[in-house]
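Working notes for the structure below.
The values are calculated or read from the model by the stated rules, or taken from the named source; none is laboratory data. From a predicted model like this one, the values you see are computed outputs, not experimental measurements. FYI the Cβ positions are ideal-geometry reconstructions off the backbone, even for glycines, and counts take in every protein chain you see.
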Amino acid sequence: MLIRRESGDDAAVIRAVTDAAFARPVEAGLVDELRAGPAWIPALSLVATTPDGEVIGHVVCTRAHVNEAPVLALGPLSVRPDRQRAGVGSALVHTVLGASDALGEPMVVLLGDPGYYQRFGFRLSSAYGIRPAVADWEPFLQVRALAGYQPSVRGGFRYAEPFDRT
């Protein structure tokens, strides 16, 4: 498996992988909307490929905010169903966290299963003084501090605007 940045030819196959992974069109449409907007960070849209170049997974981090401080939001993370539970998702998460850290970002925030994401160093957002935009998200909103982390970044978290429509 190889992890590389998304190229200009990957949008359609990323849509297909995301559709298959989630079995509903919302997430694939979200990726398309994010790609078209100001929150998109091309260096943090990564694909996993087979040795022959077939795309089997995708992860993206986009610009989000805690109060007015810029942070990253991870997701969607998509792996083709026939490649799930084979380490593809883990490889994508490790790689996007490393790339985010190399860019000097302070933290990555996501909504997800704490049982899965704690292996990557994510902790519940409340441990960092970060509140979700929706109260029901509290048990699932998680933060991974990076080298650029500043403890003064606290308060309300908000995703990029396209997430508001999902």
* To do: Search segment 17-44 for residues that are surrounded by 15 or more Cβ atoms within 10 Å (Cβ to Cβ) and pair each with any residue that is assigned to a loop (DSSP other than H, G, I, E, B) and among the β-branched types (Val, Ile, Thr) when their beta-carbon atoms are under 8 Å apart and the residues are at least 6 apart or on different chains.
  => GLU27/THR166; LEU30/THR166
* For PHE120, indicate whether it is over 12 Å from ALA73 (Cα atoms) and at pLDDT 95 or above. => yes
* Asked: Checking GLY57 against (1) surrounded by 15 or more Cβ atoms within 10 Å (Cβ to Cβ); (2) in contact (Cβ under 8 Å) with a residue 60 or more places away in the chain; (3) not in a helix (DSSP H, G or I), which single condition isn't satisfied?
  -> (2)
* **Unique residue being in contact with a helix residue (DSSP H, G or I) (Cβ under 7 Å, 6 or more places away or on another chain) and modelled with pLDDT under 95 when the list is PRO132, PRO162** => PRO162
* To do: Among residues belonging to segment 1-12 that are farther than 24 Å from GLU161 by Cα and at pLDDT 95 or above, point out the one that is surrounded by the fewest Cβ atoms within 10 Å (Cβ to Cβ).
  => LEU2
* Residue list for segment 117-141, restricted to those being within 18 Å of the chain's Cα centre (by Cα) and of a type in the set (Ser, Thr, Tyr) -> TYR117, SER125
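Here is a yes/no grid of residues against (1) surrounded by fewer than 19 Cβ atoms within 10 Å (Cβ to Cβ); (2) more than 15 Å from ARG4 (Cα to Cα):
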residue: VAL79; (1), (2): no, no
residue: ARG85; (1), (2): yes, yes
residue: HIS94; (1), (2): yes, no
residue: ASP101; (1), (2): yes, yes
residue: ASP113; (1), (2): yes, yes
residue: PHE120; (1), (2): yes, yes
* For segment 63-83, which residues satisfy the criterion of being of a type in the set (A, V, I, L, M) and touching a helix residue (DSSP H, G or I) at 6+ places or on another chain (Cβ under 7 Å)? -> LEU72, LEU74, LEU77, VAL79
* Between residues in segment 99-125 that are farther than 16 Å from LEU46 by Cα and residues that are in a helix (DSSP H, G or I), which pairs lie under 6 Å by C-beta distance while being six or more apart or on different chains? -> LEU111/TRP137; PHE120/VAL93
